[in-house]
Every structure is written in structure tokens, then in C-alpha cells.
Amino acid sequence: MGSYLNPGGGMFKACLRSKIYVDKSGLIAKTNEVLGTEQRFVCVSRPRRFGKSLNMSMLEKFFSPESDKHIFDGLVITQEKELCEKHMGRYPVISVSLKGINAPSYDTAFKMLVMMINEAAEKVQYLRNSERLSEAEKGFFEELLSRNMDEATAFGSLRLLSRLLYKHHGQPVIVLIDEYDVPLAKAFSNGYYE
């Protein structure tokens with residue numbers, strides 16, 4: 001069967017310790033070039049096993065304030081001192097993978113989507129106590145934690161979560177969506193793509 005370099009779907013920190021890790025941190029500089037521009041929406045469409053998930057994990061670790069900045073020590077990106085000082089650890093990040101939304105029916109796929117949204121919201125539960133959010137906004141956030149989410153809430157969930165994070169942090173939010181095509185492909189192959 002062979003060995004896969006990224007079996008966990010985004011274990012950047014663990015992969016750094018691998019003897020066969022290839023430094024692709026230069027991608028961070030390219031990503032920074034488009035931040036705040038009309039080209040800020042980036043779709044990376046490469047073949048399977050190309051390292052897209054690992055690169056997304058790397059971007060998450062670079063931008064997120066919760067990450068250990070020292071994991072980048074010795075990588076190409078650290079030569080970009082000004083860029084690192086300006087952007088490393090400065091942005092809230094929403095990182096989700098749609099790979100697990102592999103369902104035989106729409107109802108099951110929707111429930112899996114809700115669980116994915118719940119997990120993304122659980123990572124930022126500090127918003128419950130944010131002094132920058134109104135009580136109404138905190139109520140909206142609670143809806144993102146509910147397993148009984150309606151379609152309208154689910155479909156607007158990333159926009160809502162981004163808006164709440166922006167208001168709390170006062171910084172633009174980085175949204176990373178991995179395996180975005182899986183739910184569409186499964187819906188088509190299982191006959192519920194409409």
C-alpha cells in the first residue's frame with residue numbers, strides 16, 4: 001500500500017520532525033501577497049497526495065495567534081523577517097475539512113456538516129465571554145454549537161463565525177476550507193446532488 005506523508009490530514013508540526021519533510025513555507029509569502037486584495041480568495045487545486053492539506057495546516061499555524069511561532073524556526077519563511085513580524089500569529093483562523101462529509105443521503109450529509117460547524121465553533125468558545133460581542137451576537141454564536149441547527153444557520157455559519165471573530169479580534173479572519181469538493185462528489189455519486 002505504501003506510506004503517506006500526511007495521514008492525519010494536517011499535522012504540520014508532526015511532519016516537521018520527519019526526515020523527508022520538504023519546506024514549502026514560501027507559500028506563506030505568496031499568500032500574504034494577496035491578503036486584502038481582490039485576489040484574496042485562493043483555490044489550490046492540485047492532484048491527490050500533493051500536500052494541499054499539509055500546506056493548509058502550515059498556513060493555519062503561521063497565521064493563528066494560538067500557534068507556537070518557533071515551529072517555523074529554520075524554514076524559508078523565517079528569512080522574510082518583516083513579513084513574519086507583520087503577519088505571523090496575527091489573524092484568527094477558521095480551518096475546516098469537508099472530507100468527512102461522505103454520506104449516502106442529504107440528511108446524513110447535512111448532519112455531518114452541522115457536526116463540522118459545531119467543531120469549528122467549539123475551538124473558539126471564548127467568544128461566549130467576549131466583551132466586544134453583544135448579547136444577540138453571543139446568542140447567534142450559541143446557534144453554531146447546536147446539533148439542531150437549521151439549514152439557514154448552517155449555510156451562513158462560516159460567514160457568521162468570521163464576522164464574530166472579526167468583531168472580537170479586530171483583525172481580518174483567515175478561512176481555510178480543505179476537501180471542499182468531497183460533499184459535492186458524494187452527493188453526485190449517491191444521487192442527491194440537485
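Note on Gln79/Arg48: beta-carbon distance plugged into 1/(1 + (r/R0)^6) with R0 of 35 Å gives a FRET efficiency of 0.70. For Phe155 and His70, FRET efficiency with R0 = 35 Å and r from the beta-carbon atoms, rounded to 0.05? The computed FRET efficiency comes out at 0.35. Over the chain, accessible surface divided per residue gives 64 Å², non-protein components excluded, 1.4 Å probe. Loop-only GluC sites (Glu not before Pro) in region 28-109, please: DSSP not H, G, I, E or B, and at most 10 other Cβ atoms within 10 Å. Here the sparse-neighbourhood loop sites are Glu38. Only one residue of Val44, Ile71, Met58 has its Cα farthest out toward the positive end of the dipole of region 37-79, where Lys and Arg carry +1 and Asp and Glu -1 on Cβ, and that residue is Val44.
Projecting label points 7 angstrom from Cα along Cα→Cβ for Gln125 and Thr37 puts them 4.0 nm apart. Straight Cα distances below 17 angstrom link Lys167 to the aspartates and glutamates Glu131, Glu135, Glu137, Glu142, with same-chain residues fewer than 8 positions distant left out. For mean projected area of the Cα convex hull in nm², the candidate list reads (1) 16.4; (2) 12.8; (3) 11.5; the entry that matches the value derived from this model is (2).
The chymotrypsin sites (Phe, Trp or Tyr not before Pro) of region 8-81 that DSSP puts in a loop, and whose beta carbon has at most 13 other beta carbons within 10 Å, are Phe41, Phe50.
Think of each Lys and Arg Cβ as +1 and each Asp and Glu Cβ as -1; about the Cα centre, that makes the dipole of the chain roughly 620 debye.
Within the listed set Gly74, Gly51, Gly100, the residue fluctuating most in the Gaussian network model of the chain (springs between alpha-carbon atoms under 10 angstrom) is Gly74. Helical content of the chain, expressed as a calculated mean residue ellipticity at 222 nm, amounts to -13000 deg cm²/dmol (DSSP H runs of 4 or more residues, -39,500 (n - 2.57) each, divided by residue number, nearest 500). Bridgeable aspartates and glutamates around Lys52 (alpha carbons under 15 Å apart, same-chain partners fewer than 8 residues away excluded): Asp23, Glu60, Asp178, Glu179, Asp181. When you filter the trypsin sites (Lys or Arg not before Pro) in region 96-161 for DSSP loop state and at most 10 other Cβ atoms inside 10 Å of their Cβ, you are left with Arg147.
The values are calculated or read from the model by the stated rules, or taken from the named source; none is laboratory data. Only a predicted model underlies this, so the values are computations on that prediction, with no experimental measurement involved. Note that each Cβ is placed from the backbone with ideal geometry, even for glycine, and that neighbours are counted across all protein chains shown. Only protein heavy atoms, including side chains, enter the accessible area calculation; ligands, DNA and RNA are left aside. Shrake-Rupley method; radii C 1.70, N 1.55, O 1.52, S 1.80 Å.
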